[in-house]
Amino acid sequence: MKFCTTALGFSSLSIRALAGRTCQTSGGSPTADDANWVEAYWHTANLNGNVYQNNPTGCSTLNTFGTASINFCGPQGSSQPVSVVSAHLVEILLNCESNGRIGGRNQWDSYHADVFHS
(Lines give C-alpha, C1' and ligand atoms only; values in the text may rest on other atoms or scores of the structure.)
Protein backbone atom coordinates (compact mmCIF):
# COMPACT_ATOMS: atom_id res chain seq x y z
CA MET A 1 0.00 0.00 0.00
CA LYS A 2 1.41 3.37 -1.01
CA PHE A 3 0.45 6.65 0.60
CA CYS A 4 2.31 9.29 -1.37
CA THR A 5 3.93 8.10 -4.55
CA THR A 6 4.26 9.40 -8.05
CA ALA A 7 5.89 7.35 -10.79
CA LEU A 8 8.77 9.23 -12.36
CA GLY A 9 11.18 7.96 -14.97
CA PHE A 10 14.82 8.86 -14.39
CA SER A 11 18.21 7.27 -14.75
CA SER A 12 19.57 5.06 -11.95
CA LEU A 13 20.79 8.18 -10.12
CA SER A 14 18.47 11.13 -9.84
CA ILE A 15 19.61 14.38 -8.22
CA ARG A 16 17.28 17.33 -8.68
CA ALA A 17 16.68 20.46 -6.63
CA LEU A 18 13.59 22.63 -6.50
CA ALA A 19 12.43 24.97 -3.73
CA GLY A 20 14.77 23.48 -1.14
CA ARG A 21 14.23 19.88 -2.22
CA THR A 22 17.14 17.76 -3.42
CA CYS A 23 16.35 14.29 -4.72
CA GLN A 24 19.17 11.82 -4.08
CA THR A 25 17.72 8.60 -5.39
CA SER A 26 19.86 5.65 -6.46
CA GLY A 27 19.80 1.86 -6.34
CA GLY A 28 21.00 2.14 -2.73
CA SER A 29 18.05 4.30 -1.66
CA PRO A 30 15.20 2.87 0.41
CA THR A 31 12.32 1.24 -1.41
CA ALA A 32 9.38 3.51 -2.18
CA ASP A 33 7.06 1.33 -0.10
CA ASP A 34 9.31 1.51 2.97
CA ALA A 35 9.83 5.26 2.55
CA ASN A 36 6.08 5.87 2.38
CA TRP A 37 5.37 3.61 5.35
CA VAL A 38 8.07 5.12 7.58
CA GLU A 39 6.62 8.61 7.16
CA ALA A 40 3.01 7.41 7.53
CA TYR A 41 3.77 5.48 10.75
CA TRP A 42 5.69 8.40 12.25
CA HIS A 43 3.10 11.01 11.28
CA THR A 44 0.17 8.92 12.54
CA ALA A 45 1.88 8.38 15.91
CA ASN A 46 2.67 12.10 16.24
CA LEU A 47 -0.35 13.88 14.75
CA ASN A 48 -0.18 16.88 17.05
CA GLY A 49 2.65 18.68 18.71
CA ASN A 50 6.21 19.50 17.82
CA VAL A 51 9.33 17.69 16.71
CA TYR A 52 12.35 18.53 18.88
CA GLN A 53 15.96 18.40 17.73
CA ASN A 54 18.08 17.87 20.86
CA ASN A 55 20.95 15.92 19.31
CA PRO A 56 24.30 17.79 19.44
CA THR A 57 25.13 16.45 15.95
CA GLY A 58 22.25 18.48 14.51
CA CYS A 59 19.99 15.63 13.37
CA SER A 60 17.53 13.30 15.08
CA THR A 61 16.26 10.11 13.46
CA LEU A 62 12.48 10.21 13.74
CA ASN A 63 11.64 6.69 12.58
CA THR A 64 12.94 3.65 10.71
CA PHE A 65 10.95 1.06 8.78
CA GLY A 66 12.54 -1.65 6.66
CA THR A 67 15.07 0.01 4.36
CA ALA A 68 13.95 3.60 5.14
CA SER A 69 14.74 6.15 7.83
CA ILE A 70 13.65 9.77 8.25
CA ASN A 71 15.59 12.58 9.94
CA PHE A 72 14.78 16.03 11.26
CA CYS A 73 17.79 18.34 11.40
CA GLY A 74 18.29 21.83 12.76
CA PRO A 75 19.89 23.84 15.55
CA GLN A 76 20.18 21.95 18.83
CA GLY A 77 17.20 22.74 21.07
CA SER A 78 14.98 23.81 18.17
CA SER A 79 11.55 22.49 17.24
CA GLN A 80 9.03 22.53 14.41
CA PRO A 81 5.37 21.45 14.25
CA VAL A 82 4.86 17.82 13.21
CA SER A 83 2.68 19.06 10.33
CA VAL A 84 5.54 21.16 8.92
CA VAL A 85 8.15 18.39 9.12
CA SER A 86 5.67 15.90 7.64
CA ALA A 87 4.86 18.23 4.74
CA HIS A 88 8.57 18.50 3.88
CA LEU A 89 8.99 14.71 4.05
CA VAL A 90 5.91 14.16 1.85
CA GLU A 91 7.39 16.61 -0.68
CA ILE A 92 10.34 14.20 -1.02
CA LEU A 93 8.03 11.18 -1.26
CA LEU A 94 5.91 12.77 -3.98
CA ASN A 95 8.77 14.08 -6.11
CA CYS A 96 11.84 11.91 -5.65
CA GLU A 97 10.77 8.39 -6.61
CA SER A 98 12.87 6.71 -9.27
CA ASN A 99 12.77 3.03 -10.22
CA GLY A 100 10.83 2.11 -7.07
CA ARG A 101 13.23 3.91 -4.71
CA ILE A 102 13.13 7.25 -2.89
CA GLY A 103 15.81 9.39 -1.26
CA GLY A 104 16.37 13.05 -0.66
CA ARG A 105 16.45 16.15 1.49
CA ASN A 106 14.11 19.10 1.85
CA GLN A 107 15.48 22.32 3.37
CA TRP A 108 13.60 25.29 4.86
CA ASP A 109 14.87 28.10 7.08
CA SER A 110 17.62 26.54 9.25
CA TYR A 111 16.09 23.04 9.07
CA HIS A 112 16.02 20.03 6.79
CA ALA A 113 14.25 16.67 6.66
CA ASP A 114 15.76 13.61 5.00
CA VAL A 115 14.58 10.28 3.61
CA PHE A 116 17.53 7.86 3.49
CA HIS A 117 18.52 4.18 3.67
CA SER A 118 18.42 2.81 7.21
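Does Ser12 fit the bill of being among the polar types (S, T, N, Q), at pLDDT below 90 and assigned to a loop (DSSP other than H, G, I, E, B)? Let's see the steps before the verdict.
On the way: among the polar types (S, T, N, Q): yes; at pLDDT below 90: yes; assigned to a loop (DSSP other than H, G, I, E, B): yes.
Spelling it out, Ser12 is indeed among the polar types (S, T, N, Q), at pLDDT below 90 and assigned to a loop (DSSP other than H, G, I, E, B).
Looking at (1) of a type outside the set (Asp, Glu); (2) surrounded by 16 or more Cβ atoms within 10 Å (Cβ to Cβ); (3) over 15 Å from Glu97 (Cα atoms), which is the only condition Thr44 fails?
(2)
Please go through segment 92-109 and give me each residue that is within 8 Å of Cys23 (Cβ to Cβ) and either among the polar types (S, T, N, Q) or surrounded by fewer than 24 Cβ atoms within 10 Å (Cβ to Cβ) (or both), ordered by number.
If the condition is that a residue be within 8 Å of Cys23 (Cβ to Cβ) and either among the polar types (S, T, N, Q) or surrounded by fewer than 24 Cβ atoms within 10 Å (Cβ to Cβ) (or both), then Asn95, Ser98 are the ones that fit.
Can you name the residue in segment 32-70 that is polar (S, T, N, Q) and part of a loop (DSSP other than H, G, I, E, B) and, of all such residues, is nearest to Ser83 (Cα to Cα)?
Asn48
Checking Leu89 against (1) in contact with a strand residue (DSSP E or B) (Cβ under 9 Å, 6 or more places away or on another chain); (2) surrounded by fewer than 19 Cβ atoms within 10 Å (Cβ to Cβ); (3) at pLDDT 95 or above: exactly one of these is not met. Which one?
Failing condition for Leu89: (2).
Ser29 fails exactly one of the following numbered conditions: (1) part of a loop (DSSP other than H, G, I, E, B); (2) modelled with pLDDT under 95. What is the number of that condition?
It is condition (2) that Ser29 fails.
Starting from segment 14-33, take each residue that is within 14 Å of Arg101 (Cα to Cα) and list its partners that are at pLDDT below 95 and among the charged types (D, E, K, R), counting only C-beta distances under 6 angstrom and pairs at least six apart or across chains.
Hits for this filter: Cys23/Arg16.
Tell me whether segment 73-83 contains one or more residues that are part of a helix (DSSP H, G or I) and more than 15 Å from Asp114 (Cβ to Cβ).
Scanning segment 73-83 turns up at least one residue that is part of a helix (DSSP H, G or I) and more than 15 Å from Asp114 (Cβ to Cβ).
Which residue is nearest to Gln24 (Cα to Cα), if the candidates are limited to segment 84-108 and must be part of a strand (DSSP E or B) and not charged (D, E, K, R)?
Looking at the filtered set, the residue picked out is Gly104.
The values are calculated or read from the model by the stated rules, or taken from the named source; none is laboratory data. Not measured: the values here are computed from a predicted model. In this analysis, Cβ positions are derived from the backbone assuming ideal geometry, glycine residues included, and neighbour counts consider all displayed protein chains.
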